[in-house]
1. Only one of 127, 160 is exposed (fewer than 14 other Cβ atoms within 10 Å of the Cβ) and not aliphatic (A, V, I, L, M). Can you tell me which?
2. Where in the range 14-115 are there strands (runs of 3 or more DSSP E), lying wholly inside it, with at least 2 residues that are under 32 Å from the mean Cα position of the chain (by Cα), at pLDDT 80 or above and surrounded by 13 or more Cβ atoms within 10 Å (Cβ to Cβ)?
3. Which one of these is closer than 30 Å to residue 89 by Cα, modelled with pLDDT under 90, of a type outside the set (Lys, Arg) and open to solvent by 30 Å² or more (accessible area, probe 1.4 Å): 134, 208?
4. For the range 137-157, how many residues are open to solvent by 50 Å² or more (accessible area, probe 1.4 Å), within 24 Å of the chain's Cα centre (by Cα) and touching a residue at least 24 places away in the same chain (Cβ under 8 Å)?
5. Quick check on residue 173: is it modelled with pLDDT of 90 or more, open to solvent by less than 80 Å² (accessible area, probe 1.4 Å), polar (S, T, N, Q) and assigned to a helix (DSSP H, G or I)?
6. List every residue pair whose Cβ atoms sit under 7 Å apart, with the two residues 6 or more apart in sequence or on different chains, where the first one lies in the range 62-73 and is farther than 16 Å from residue 93 by Cβ and the second, anywhere, is open to solvent by 70 Å² or more (accessible area, probe 1.4 Å) and of a type in the set (Phe, Trp, Tyr).
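The values are calculated or read from the model by the stated rules, or taken from the named source; none is laboratory data. Just so it is clear, the structure is predicted and the values come from calculations on it, not from any experiment. Quick reminder, even Gly has a Cβ in these numbers, built from the backbone with ideal geometry, and neighbours come from all protein chains shown. Protein only, heavy atoms only, side chains kept; ligands, DNA and RNA dropped before computing areas. Shrake-Rupley method; radii C 1.70, N 1.55, O 1.52, S 1.80 Å.
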Amino acid sequence: MKKLILSLCLLACMSVLNAQSPTYLDVKVSESLERQPTSMEYYLRVNPELNEEYDLDRDFEAQRKVMRSRIKENETQLKQFLETNKVKFTENRDENYAISKEEMPFTIFKIKVANDAELDKLLIVLRQLTYVEGNIGDKVYPPAQNDEVQLFEKLFNKARSKAEKMASIMNCSLGKVLEVEELDQKDLDYYGMVEEGSYEHVYGIQRGSPLSATTVLSMRFRFEIIKK
């Protein structure tokens, strides 16, 4: 479910410099919308533990051979485990991108999942193993353009609603939109409340899931104010 959080800052500006300058009301609005991934990959690899630590006084190459043998053995076990549990995967072992020949030849097992629920189920299965480690890889999200349209509609409706209330307090009616401007984070800094990097803290924008991507849109609407 898409999570929508609204932060508002109202600034009433009465302009009476000359007859041609309309009286107006500025409303600054910021909204965020979370996008959940439509698919993602989980990267899995073995992390073998030797029964004894490396001994600097022993033959280094001999110890490397032991490690390579352990890696190969664990990867075979992991492959069999995934197949037994009907977990589909692809293998990626491209040694062409190795920095040096001394690197261990690990295989990356890539597992595709559709959402966080499938990821949770996968992790429950994988936690039975003691010799693997993993992390989230590539994530695919819906197009951001769709979110921007929804956000703009919400921004406009909320801004107009707040502007109408402010106009009513000033015994005025709300006219047409005179100006629209997209704002940067620094443009929302007011009363000295916002510090660099604290946008989410001040405006209460928090991700519901570490897998989500948040689209934020902030705008200033200038509405005409008509005196009754």
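1. Of the residues listed, the single one that is exposed (fewer than 14 other Cβ atoms within 10 Å of the Cβ) and not aliphatic (A, V, I, L, M) is 127.
2. So the answer is 24-35, 39-46, 108-113.
3. Going through 134, 208 in turn, the sole match is 208.
4. Total meeting the criteria: 8.
5. When the stated conditions are applied, residue 173 does not pass them.
6. 63/54
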